[in-house]
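Input: a single structure, listed below in structure tokens.
The values are calculated or read from the model by the stated rules, or taken from the named source; none is laboratory data. Predicted model only: the values in this text are computed from it and were never measured. Glycine gets a Cβ as well: all are built from the backbone with ideal geometry, and neighbour counts include every protein chain shown. Accessible surface is based on the protein model in full, side chains and every heavy atom, while ligands, DNA and RNA are left aside. Shrake-Rupley method; radii C 1.70, N 1.55, O 1.52, S 1.80 Å.
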Amino acid sequence: MNKTRFILYHFALLTFAIGVFNCNGQTKVKEITHLNQIHLSKSGVYNYWLEMGTNTYGQPILVPVIVVQGNLPGPTLGLTAAIHGNELNGIPIIHQIVESIDTTVLKGRIIAIPGLNAISLQNHKRRFIDEEDLNRNFPGKENGNRSQQYSYKIKERVLPEFNFLIDMHTASFGRLNTMYVRADTSNDTMRKMAELQGADIIVHGKGMPSFGSISKSNRTLRAEAQLLGIPSITVEYGNPQVFQKDIIYRGVKGIFNTLKWLKMYDGAIEKSSNITTFCEKSYWIYMDEGGFLDVVVELNQMVDKGDKIAEVRNAFGALTKEYFAPEDGIIIGKSSNPTNMSGGRIVHLGIMTE
């Protein structure tokens, strides 16, 4: 073997070794069908593929699972990102936590899923392949349609392994969000989890649908977890289909604060420099006629009843409609899409707690 071939041969071996082995010496990322198949005692970071059904070719649909294993005993904090496929900021938050945490100090474990909706994430879509919202499909059905079966698998294969849950979201296409938290603030544990995130706004709510009566279907992931006795919050980390460095930084700090409060990690809780506004409820204001929308208020802005929030112009540029705040509140989110028909969203208004 000449010198050139010798170098190429050993370079190929090195490349193969890097591709095959991860930091824990695992020769291959293990595939599992349930999180209860994870049995670890040694601290470290472990990667798995969780099967969530099969695709058209009969191949498994795989979701990435990162287990940050600390010292036992201790609780399990679940982190779920991107149950909507266009809500991405939670993914780098998870990655940065995994990179920076000291597993020899951690007590218990973190189970993080950076991309829960494997189908929609790869297709740059919010909803599932059947155009259903997975976060309105719990508890799902074992023998239901595509989205129902997928939600059912999340309920059966993922949630039971958590003691606490932070479900990570963003705004959807055509909208912008503050960093805000949805939590049942009547519960002391969930209220504290919400406060630890350093969010701009905390909105009280139990995670059930905002329409009709509470039923056995159409629950959110957060509500399903709460029914299983798992204290859970939803954190809305800004805007869709982007990575926002400032939001990611705040998100990482909030989760480390949570770990410290749960006695899972050493260190002092870092106080946020911003003031969090508490809201007893929130709702969207919609357009009653179409046109080109200009939202004139900013995120996190306080508005008084009667303040102008938006203008609408027709195709010829004539002002056709103005919208005003129906009551005092704070702007949680707003439309970023100027082209709207009747029924389009204008702003997400939070009503402050007395």
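So for region 92-246, what percent of the C-alpha to C-alpha distances run longer than 22 Å?
Details: 5323 of 11935 pairs.
The proportion of pairs with Cα distances above 22 Å equals 45 percent.
Out of (1) 20.6, 64; (2) 22.5, 83; (3) 26.3, 86, which label holds the value of Rg and Dmax of the Cα atoms in Å that was computed here?
It is the one labelled (2).
Within the chain, what whole-number % of the accessible surface is contributed by carbon and sulfur, with the 1.4 Å probe and all protein chains included in the calculation?
On the way: 9100 of 17280 Å².
Reported share for carbon and sulfur atoms: 53 percent.
Given +1 on the Cβ of Lys and Arg, -1 on the Cβ of Asp and Glu, and no further charges, what dipole in debye does the chain carry about its Cα centre, rounded to the nearest 20? Mind showing how you got there, number by number?
Numbers: 37 positive and 34 negative charges, 259 e Å.
Computed about the Cα centre, the dipole is about 1240 debye.
For the pair Glu142 and Thr276, how long in nm is the line joining their label points, each one 7 Å along Cα→Cβ?
Using points 7 Å along Cα→Cβ, the separation is 3.9 nm.
Step through the table entries Lys42/Lys260; Lys155/Lys260; Lys42/Lys153; Lys155/Lys281, compare each Cα-Cα distance with 24 Å, and write down the pairs that go over it. Display every interim value, and only then the final one.
Numbers: Lys42/Lys260 21 Å; Lys155/Lys260 27 Å; Lys42/Lys153 28 Å; Lys155/Lys281 27 Å.
Listed pairs above 24 Å: Lys155/Lys260; Lys42/Lys153; Lys155/Lys281.
Is region 112-185 rounded, prolate or oblate when judged by the Cα gyration tensor, a ≥ b ≥ c being the square roots of its eigenvalues, rounded requiring a/c under 1.5 and prolate requiring a/b larger than b/c?
Details: a/c = 1.83, a/b = 1.14, b/c = 1.61.
Here region 112-185 falls in the oblate category.
With a ≥ b ≥ c taken as the square roots of the eigenvalues of the C-alpha gyration tensor of region 211-354, please select rounded if a/c is under 1.5 and otherwise prolate if a/b is larger than b/c or oblate if it is not? Working shown, then result.
Values: a/c = 2.24, a/b = 1.75, b/c = 1.28.
It comes out prolate by the Cα gyration axes.
List the aspartates and glutamates whose alpha-carbon lies under 16 Å from that of Lys28, not counting same-chain residues fewer than 8 positions away?
Glu51
Restricting to DSSP H runs of at least four residues, report the calculated mean residue ellipticity at 222 nm for the chain, -39500 (n - 2.57) per run over all residues, nearest 500 deg cm²/dmol. All intermediate terms of the calculation are to be shown ahead of the outcome.
On the way: 7 runs with 78 residues, N = 354.
Mean residue ellipticity at 222 nm (helix-derived): -6500 deg cm²/dmol.
What is the sum of charges, Lys and Arg at +1 and Asp and Glu at -1, for the other residues whose Cβ falls under 14 Å from the Cβ of Ile154? Write down the numbers at each step before the final one.
Numbers: positive: Arg136, Lys141, Arg146, Lys153, Lys155, Arg157, Arg219, Arg222; negative: Glu51, Glu132, Asp133, Glu142, Glu156, Glu161, Asp167, Glu224.
Counting the neighbours of Ile154, the net charge comes to 0.
Relative to the first principal axis of the alpha-carbon coordinates of the chain, what is the inclination of helix 146-157, with its axis defined by its Cα atoms, in degrees from 0 to 90 and to the nearest 10?
It works out to around 60 degrees.
Tell me, in nm to one decimal, what length is gained between Gln149 and Tyr57 on full extension, where the rule is 0.36 nm per residue of separation less the Cα-Cα distance?
On the way: separation 92, 0.36 × 92 = 33.12 nm, distance 1.78 nm.
Fully extending the segment from Gln149 to Tyr57 adds 31.3 nm.
Grab the other residues whose beta carbon is less than 12 angstrom from that of Gln241, score K and R as +1, D and E as -1, and report the net.
Details: positive: Lys125, Arg126, Arg175; negative: Glu87.
Summing Lys and Arg as +1 and Asp and Glu as -1 gives +2.
So between Glu99 and Glu289, what do we pick up on full extension, going 0.36 nm a residue minus the alpha carbon distance? Write out the running numbers ahead of the final one.
Values: separation 190, 0.36 × 190 = 68.40 nm, distance 4.90 nm.
The span from Glu99 to Glu289 would gain 63.5 nm if fully extended.
Just to be sure I understand: of the beta bridges DSSP finds with both ends in the chain, what percent are antiparallel, rounded to 5?
Working: 45 of 72 bridges.
Approximately 60 percent, going by the DSSP bridge assignments.
Tell me the angle of helix 245-261 to the major Cα principal axis of the chain, expressed in degrees between 0 and 90 and rounded to the nearest ten.
70 degrees
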